[in-house]
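Asker: Attaching a single structure in structure tokens format; questions to follow.
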Amino acid sequence: MSVRSPSSTRVPSTTGMSAPDPIDDPAPEPPPAMDAALPAAVVATILSRLDVRSLLLASAVCRCFRSCASHALSFLPAFHLLEVVLTHNLLRPLLPRNPALRSLRLDAARLDDDAVDCLARPGLHELTLRNCNNISGRLLRELSATCPDLRVLSLNSLADRRGLAMTFSDLRALLDGCSSLETLRLAFDLSKFDNPSFSHVWSSASEGLFSLEMGFIPLQMLLALLAVAIESRQRIGYVKAPVFFPSLQKLRLTVEFITDHLIGSISTALPLLTHLDLQDSPIMEPESATATDLTDAGLQQINPKGKLKHLSLIRSQEFIYTSFRHVNDLGILLMSEKCTNLESICLGGFSRVTDTGFRAIIHSCPGLHKLKVTNGSHLTDLVFHDIVATSLCLTHVSLRWCTLLTDAGIERLSFNKGLNVLDLKDCKSLGDEAVRALSCLPRLRKLVLDGTMITNQAMEYLGVGVCPLASLSLRGCYKLTNDCIPLLFAGSVKESLHALDLSRIPSLTDDAIMVIVRTRTPLTELRLRENPEIGDASVKALASMQFEGVTRGSTLQLLDLYDCGGITLLAMKWFKKPLFPRLRWLGLKGSLNRIMVDALVLTRPFLRLACGGEELGTPYRDTSGEWCRHEDDDSEDLEPWHLDGEAVSDAETVNE
């Protein structure tokens, strides 16, 4: 019979309730509130030195930090949120009255004229707005009246929505009121400003205007403007002669046709240009060589003062298959003699230029770092045959649709050990040996192999190579199978890779995605569009992918599953919160249940859902100087700011 120790015997209470055990520890006191541990004034001073991303992250800590972060927004000098689409109601509390605000960058896809007063702020030096489709020309008038010190203005697709007004008077008000502009980017159709006074109104533009971009301008309007500028330059000695673009060094335009007359007018009116970017999109073949097309004679007029460093001439095939049929090697040879200081060059649509012309550029420009050739139908391996004998140090190379280029040419190109970006899209004669040579490049960060003839062997070369790849595109490489995935991720690539495109690979199945998930590679972008064997199992696996102990697919910001044959309505539940917390772009097939798709959009207002097959991500036109552009993604910190429920208490925050 066991005997109980006296200390373990509990004495009954006279009230009928058990007495507290004297050995038990007293209940812990709640931790002090943050404002008691640290004065709010000190917290506010610290937060006032943070950027938007850090402020939004700090606001989720506790009520004290949230209050101080809100206060700090009133003194923030720069507000940049390009990766998030905000409505006016969401933007207004983030942009309180702030006399210190100097730079504002936003995606305005969900903003309209009601937000104009919020955007046109006194004291602004920079305003960058993307996707201004729903904002009218009123914005230009408000900027002229409110922002006289504006230095940088970048507007994309302004008033593109049908029915929105934008007139010549809006442009005139902008140029008259914003007299300190240094960079002006009007990436929309300027034919809306067609007026007899269009040419002369630019005399009131800022004399310090350094960079000018026009999205599309009719050729006749542009030639009239250049003619007035040439006339003013010839009358420079006269009293009170108007001055046009005295400081302009960067010009970027889109017209119907690039012609000899246009090239000559630009060279005469703007002889001090260092950057020239011209693109045309013909809807019909030019009628004659001299009047409506570019010829060898026109190329000779480029760079009369020898100051040009960046040159881009592109003929787009957006409407018809066409090219610069009146330019051959002679024109390129004569141009290269005048452009020996070029650092980057982009040539698109020069179908009659052969290796002789392209070699002339490479050998005439010792400082060339960036080379882009599109639709070079006569470019072969001979272009890079003796590249070792040159002093070139190419960092960015794009050779899209150069179908005669083979593995031997890429092997020669790989002697440039400083290559950082290489785009070989639709070079259909390339195979595994080209990738083998590229796998030895120690600085290669971005590689595009879309539409090439590579096999799984090429992925093995990359897997054991030394390339610190951050972005790899294999779209349309139909010879690849599931086995390519473990070969690719066998080496150090899984540590550096962030963007992967596996679209249009017919034999790719859910098993390949399972392998990616098991490698725990911190992918931020994954494109799987138009793969018939990719289904719900891939979505489930990605939603549960782990990285550094954090689950729920926390690294993916872009996922493209458009027209994947195995995706059903069952996959929709895996896109609900809290899964995929950082997902901002999602591509799905439009035939899915529209009610469920709309419900997903309502629950995740910062998610951009594309169901029409459009490409995902932030679109931008490639230029010789801007081939890779990355914007900070602040959206994962912004969403809790707006969408979370009641803010947690200080005690709850500490306990968590």
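The values are calculated or read from the model by the stated rules, or taken from the named source; none is laboratory data. Predicted model only: the values in this text are computed from it and were never measured. Cβ: placed from backbone, ideal geometry, glycine included. Neighbour counts: every protein chain shown. The protein model used for the area step is the full one, side chains on, heavy atoms only, and it has no ligands, DNA or RNA in it. Shrake-Rupley method; radii C 1.70, N 1.55, O 1.52, S 1.80 Å.
Asker: Taking all protein chains together and a probe of 1.4 Å, list Val388, Val383 from the most accessible to the least accessible. Walk me through the numbers before you get to the answer.
Answerer: Working: Val388 90, Val383 5 Å².
Solvent-accessible surface, decreasing: Val388, Val383.
Asker: Could you give each residue of the range 376-393 its phi-based ³J(HN,Hα) in whole Hz, using Karplus coefficients 6.51, -1.76, 1.60 with θ = phi - 60°, and x for Gly or Pro?
Answerer: Listing the rounded values in order: x, 5, 10, 7, 10, 4, 5, 4, 9, 4, 10, 5, 5, 7, 9, 9, 5, 10 Hz.
Asker: Keeping every protein chain in place, order Phe384, Phe216 by accessible area at 1.4 Å, biggest value first, i.e. largest first. Write down the numbers at each step before the final one.
Answerer: Numbers: Phe384 0, Phe216 65 Å².
Descending accessible area places them as Phe216, Phe384.
Asker: Select from the range 565-607 those trypsin sites (Lys or Arg not before Pro) which occupy a DSSP coil region and have at most 14 other Cβ atoms within 10 Å, ordered by residue number.
Answerer: Lys576
Asker: What is the gain in length, in nm to one decimal, between Lys576 and Asp598 on full extension, counting 0.36 nm per residue of separation less the C-alpha to C-alpha distance?
Answerer: 6.7 nm
Asker: Go through the range 508-522 residue by residue and turn each phi into a ³J(HN,Hα) via Karplus (6.51, -1.76, 1.60, θ = phi - 60°); whole Hz please, and just put x for glycine and proline.
Answerer: Using θ = phi - 60°, the values come out as 6, 10, 4, 4, 5, 5, 4, 5, 4, 5, 5, 6, 6, 6, x Hz.
Asker: To continue, here is another question. Quick one: what Rg and Dmax do you get for the range 304-392 from the alpha carbons, in Å?
Answerer: So, for the range 304-392, Rg and Dmax equal 12.8, 41 Å respectively.
Asker: A further question follows. What is the set of long-range amide H partners of Thr354 at a cut-off below 5 Å, with H atoms built 1.01 Å from backbone N?
Answerer: Asp329
Asker: Under the rule of at least 5 residues apart or a separate chain, name every residue whose amide H is placed under 5 Å from the amide H of Thr481.
Answerer: Counting only residues 5 or more places away or on other chains, the set is Asn456.
Asker: For Ser136, enumerate residues with amide H under 5 Å from its amide H, sequence gap 5+ or separate chain, H modeled in the peptide plane.
Answerer: Result for Ser136 returns Asp113.
Asker: Within 12 Å, Cβ to Cβ, of Gly613, how many net charges do the neighbouring residues add up to if Lys/Arg are +1 and Asp/Glu are -1? Let's see the in-between values first.
Answerer: Numbers: positive: Arg529, Lys589; negative: Glu530, Asp560, Asp563, Glu614, Glu615.
So the environment of Gly613 carries a net charge of -3.
Asker: Karplus couplings for the range 475-480 from phi (6.51 cos²θ - 1.76 cosθ + 1.60, θ = phi - 60°), rounded to Hz, Gly and Pro as x?
Answerer: Karplus values, whole Hz, x for Gly and Pro: 4, x, 7, 6, 7, 6.
Asker: Starting from the eigenvalues of the Cα gyration tensor, five times each then square-rooted, give me the equivalent ellipsoid semi-axes of the range 56-196, largest first, whole Å.
Answerer: 29, 16, 11
Asker: Using only the Cα atoms of the range 405-544, what semi-axes does the equivalent ellipsoid have when each is the square root of 5 times a gyration tensor eigenvalue? Give whole Å, largest first.
Answerer: Semi-axes (√(5λ), whole Å): 25, 16, 12.
Asker: Taking Cα atoms of the range 380-445, Rg/Rh with Kirkwood Rh, to two decimals?
Answerer: 0.92
Asker: Next question, about the same structure. Got a sec? Charge dipole of the range 113-156, +1 on Cβ for Lys and Arg, -1 for Asp and Glu; which of Ser154, Gly137, Leu119 is way out at the positive end?
Answerer: Ser154
Asker: A follow-up question, please. Among 270-277, 373-380, how do they line up from the highest to the lowest mean number of other beta-carbon atoms within 10 Å?
Answerer: Top of the packing list down: 373-380, 270-277.
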